[in-house]
Amino acid sequence: MKNKRFLIAVCSAQKYHNRREACRQTWLQNVGPSSRYFFFVGEQPIDGEEPDVVYFNVPDDYGNLIRKVQAMFYFAAACDDFDYLLKCDDDTYLVEERLQSLVENEPDVMGYIWNNSIKSLSGGAGYIISRKHVKALAEELTPTATFEDVEVTLAARRLGIPITGTNRLQCGHGQLPSLKNDKISSHWCNAEKLHEIHRQMRP
């Protein structure tokens, strides 16, 4: 089976240059030919442009994260060289080469599911969206919503798009990706944690 192509969208902010640099020094070094990535931030560059960063004309704060993600979806919808969009955060470690096994059954939307009343996706752990749904989701998102991952979940449900849960994308540090398991991501990682996981993955 031909490898699926991934567009990896890493949500960031102007002030988190150190986080972006830690990603570049660790897991982004191992992004294979079937994937490409961008960081996405709000507003125009303050200290000079970074070549792998896309700048949107939206506020660069957490309260407007949904607007940044909506702009990200529209950016992706204009691209035709990917099969799946993966959205994660700049404090997430991702084992890119394991993504192929995650989409063997060609899910529509997949991610870690929070055990809350909404059973929403975790935006930090990373969720994937089939390209065929990206534009519709961008148009369906409510730009005034408080929590981006909750709104993406609700938008998918309003559109009747199936959501598949997986524990291979991890919201916390319960089981870090390693050579001894099949985990793909871990969220809430500072630079030190990103390097720690990377040393275990690339001894």
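Every number in this text was worked out from the coordinates using simple rules, so none of it is lab data. These figures come from a predicted structure and were not determined experimentally. Every residue, glycine among them, receives a Cβ derived from its backbone with ideal geometry; neighbour counts consider all protein chains shown.
Given the criteria touching a residue at least 12 places away in the same chain (Cβ under 8 Å) and farther than 20 Å from Arg98 by Cβ, does Phe39 qualify?
Spelling it out, Phe39 is indeed touching a residue at least 12 places away in the same chain (Cβ under 8 Å) and farther than 20 Å from Arg98 by Cβ.
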| request: Could you look through region 12-27, keep only residues that are buried (at least 22 other Cβ atoms within 10 Å of the Cβ) and of a type outside the set (S, T, N, Q), and pick out the one that is farthest from Val58 (Cα to Cα)? | output: Trp27
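Tally the residues that are of a type in the set (D, E, K, R) and in contact with a strand residue (DSSP E or B) (Cβ under 9 Å, 6 or more places away or on another chain), restricting the search to region 99-135. Give the derivation first.
Of all residues in region 99-135, those of a type in the set (D, E, K, R) come to 104, 106, 108, 119, 131-132, 135.
Of the ones still in play, those that are also in contact with a strand residue (DSSP E or B) (Cβ under 9 Å, 6 or more places away or on another chain) are 106, 108, 119, 131.
Summing the residues that are of a type in the set (D, E, K, R) and in contact with a strand residue (DSSP E or B) (Cβ under 9 Å, 6 or more places away or on another chain) in region 99-135 gives 4.
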| field | Among residues of region 105-130, those that are closer than 15 Å to Leu7 by Cα and not in a loop (DSSP other than H, G, I, E, B), counted | value | 6
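Tell me, yes or no, whether region 86-96 has at least one residue that is surrounded by fewer than 18 Cβ atoms within 10 Å (Cβ to Cβ), out of contact with any strand residue (DSSP E or B) (no Cβ under 8 Å at 6 or more places or on another chain) and not hydrophobic (A, V, I, L, M, F, W, C). Break it down stepwise before answering.
Kept after step one, since they are surrounded by fewer than 18 Cβ atoms within 10 Å (Cβ to Cβ), are these residues of region 86-96: none.
No: region 86-96 contains no residue that is surrounded by fewer than 18 Cβ atoms within 10 Å (Cβ to Cβ), out of contact with any strand residue (DSSP E or B) (no Cβ under 8 Å at 6 or more places or on another chain) and not hydrophobic (A, V, I, L, M, F, W, C).
When only residues in region 154-192 that are closer than 26 Å to Glu140 by Cβ and among the aliphatic types (A, V, I, L, M) count, which is surrounded by the most Cβ atoms within 10 Å (Cβ to Cβ)?
The first filter runs over region 154-192 and keeps only residues closer than 26 Å to Glu140 by Cβ, leaving 154-166, 169, 171, 185, 187.
Imposing the further condition that a residue be among the aliphatic types (A, V, I, L, M) reduces the set to 154-156, 159, 161, 163, 169.
On the way: Leu154: 18, Ala155: 22, Ala156: 22, Leu159: 14, Ile161: 17, Ile163: 19, Leu169: 28.
Only one residue fits best here, namely Leu169.
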| field | Among residues of region 154-165, those that are closer than 26 Å to Asp80 by Cβ and in contact with a Leu (Cβ under 9 Å, 6 or more places away or on another chain), counted | value | 5
| query | Looking at region 171-193, is at least one residue touching a residue at least 24 places away in the same chain (Cβ under 8 Å), over 25 Å from Val31 (Cα atoms), of a type outside the set (Val, Ile, Thr) and in a loop (DSSP other than H, G, I, E, B)? | reply | no
| message | Out of Ala9, Ala78, Ala22, I need the residue that is out of contact with any strand residue (DSSP E or B) (no Cβ under 9 Å at 6 or more places or on another chain), within 15 Å of Arg131 (Cα to Cα) and of a type outside the set (D, E, K, R). Which one? | response | Ala78
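Which count do you get for residues in region 77-98 that are part of a helix (DSSP H, G or I) and within 18 Å of Gly111 (Cα to Cα)?
First pass over region 77-98, keeping only residues part of a helix (DSSP H, G or I): 77, 96-98.
With within 18 Å of Gly111 (Cα to Cα) added as a condition, the list becomes 96-98.
Residues flagged as part of a helix (DSSP H, G or I) and within 18 Å of Gly111 (Cα to Cα) within region 77-98 amount to 3.
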